[in-house]
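Notes follow once the structure below has been shown.
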Amino acid sequence: MFRRDILGKLEAWKQDKWHKPLILRGARQVGKTTVVNEFGSQFDNYLYFNLENTESIKLFELEIPLDNLVNMLYASLGKTQQDGTTLIFIDEIQNSPKTIALLRYFYEQRPDLYVIAAGSLLENLVDVKVSFPVGRVQYMALRPCSFREFLGAIDKANLLEILSQKAEYTVAFHDQLMHLFNIYAIVGGMPEAVQRYAETRDIIAIEDVYEMLVQAYKDDSEKYARGNKLSDVVRFILSYGWAFSGETITLGNFANSGYKSREVGEAFRLLEKAMILELVYPVSSTMMPIIPETKRMPKLIWFDTGLVNYQAGVRKEIIGSTEMVDSWRGHIAEQITAQEILSMEDRVGQHRSFWAKPNNGAEVDFIFMHESKVYPIEVKSGTNSHLRSLQSFMDNSDIDIAVRIWSNPYSVDEVKTPKGKMFRLINLPFYLTGNLHRILDDVIKG
């Protein structure tokens, strides 16, 4: 299996003398168990428990002192404790609210132990009043694979090295990088799909992986939603909502479903908690603080582009396209850009936003926070004169840098708005989206 970037974050957590038990969040099948199992090889003692096993639940719910429980954990696995570091991984912890509450005692009584908990539906437990150990645990999010991780999986270490250099150095490798990014946009970032493609180099061969994943999410709908009506709405969204990726949507009668706004909104919120999708809301401000305007219509972004392509039935269109921005009305370009933006963050509560000026029609695809400043991002080809919404944003902003994501090589233009404001436009090829923080630093420094 290929290396995930989050391993570096986990290694930093291990080195932190003030570490707390870690709750690893992420959609089902995004690779949480695989990542922690790999991380466990760095410890002298690694204890893995899956709380889908009732015997494991009974073990953690024993009413005994924590030191005695730790001894029982070793004994249950037939292991003898070795000198050195110990990692305890509690998978599918949502199946035992008592074990969730137990995490605070690991923090308070056994700070020498490293504890990671994971579960795909943890956030939904908030609704049933589970006692989360606030302030005594920390959180980290695992997303689908980024383009950088995809390159690592397909043994393109030389191109990873190119991406680590200054942005202008990528120009000589542009065609090769863009070709691979187009493949990544088709395959997506689900680890099993990426691994299958890495082994076969056959895009068609991974269709059964997508089918299995989507069916698993549908089967999970009973876990996401308690109650037949809500479960039906969740299953409807998981069946037909993929075709609306990158679109601004209305909740009432979503996809001609006949469901009411309240029902659809509740179903979307459950799927957001499960980290399967995000309703991305507009903002009208061009500077911090950014406050999403949740009474306006949101844009629907799913967690993985490969699944969107498969479920929406647009894979062939993308495979045959030479310009991603033109594919499927540009929705895949927005979807994959949003996915790359989110992959830069491991914070569970990280959200994306777009800018829309009320009663004006001007709309910028995304906004990006960097060093307490708000930068506009347009995903668009064509000439600079066509970037009217971006120019409108800049006329209302105190910054002088904007970003265009496109399929052409990296460059920086000087642009003047109709109102006379000069700004620098970073023309960023899709494959450099994950480097945006560093590139902004370089351009700001001049």
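The values are calculated or read from the model by the stated rules, or taken from the named source; none is laboratory data. Because the structure is a prediction, the values reported are computed rather than measured. So basically every Cβ, Gly included, is an ideal-geometry build from the backbone, and we count neighbours across all protein chains shown. We work out accessible area using only protein heavy atoms, side chains counted, and drop any ligands, DNA or RNA first. Shrake-Rupley method; radii C 1.70, N 1.55, O 1.52, S 1.80 Å.
Tabulated results
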{"read-out": "For q = 0.20, 0.23 Å⁻¹, Debye-computed log10 I/I(0) when each Cα of the stretch 216-287 counts as one equal scatterer", "value": "-0.80, -1.04"}
{"read-out": "Listed peptides 136-144, 174-182 by packing density, highest first (mean Cβ within 10 Å)", "value": "136-144, 174-182"}
{"read-out": "Inter-part distance where the stretch 345-399 and the stretch 1-66 are each reduced to a Cα centre, Å", "value": "37 Å"}
{"read-out": "Peptides 338-348, 252-262 ordered by average Cβ neighbours within 10 Å, highest first", "value": "338-348, 252-262"}
{"read-out": "Long-range tail of P(r) for the chain (Cα pairs > 28 Å, %)", "value": "54 percent"}
{"read-out": "Rounded to 5, the percent of DSSP beta bridges in the chain classed as antiparallel", "value": "40 percent"}
{"read-out": "Hydrodynamic radius of the stretch 1-124 per Kirkwood, over alpha carbon pairs, in Å", "value": "14.9 Å"}
{"read-out": "Check: the chain dipole with +1 on Lys, Arg Cβ and -1 on Asp, Glu Cβ, in debye", "value": "1060 debye"}
{"read-out": "For the stretch 348-446, average projected area of the Cα convex hull in nm²", "value": "6.9 nm²"}
{"read-out": "Cα pair distances in the stretch 149-216, grouped into 10 Å bins until the bin that holds the longest one, percent each", "value": "19, 47, 24, 9, 1"}
{"read-out": "Where the chain is the region considered: accessible area per residue in Å², 1.4 Å probe", "value": "43 Å²"}
{"read-out": "Which of Tyr114, Leu47, Val194, positive extreme of dipole for the chain (C-beta unit charges)", "value": "Tyr114"}
{"read-out": "Top positive-direction residue, dipole computed over the chain with Cβ charges, set Leu163, Ser96, Gly306", "value": "Ser96"}
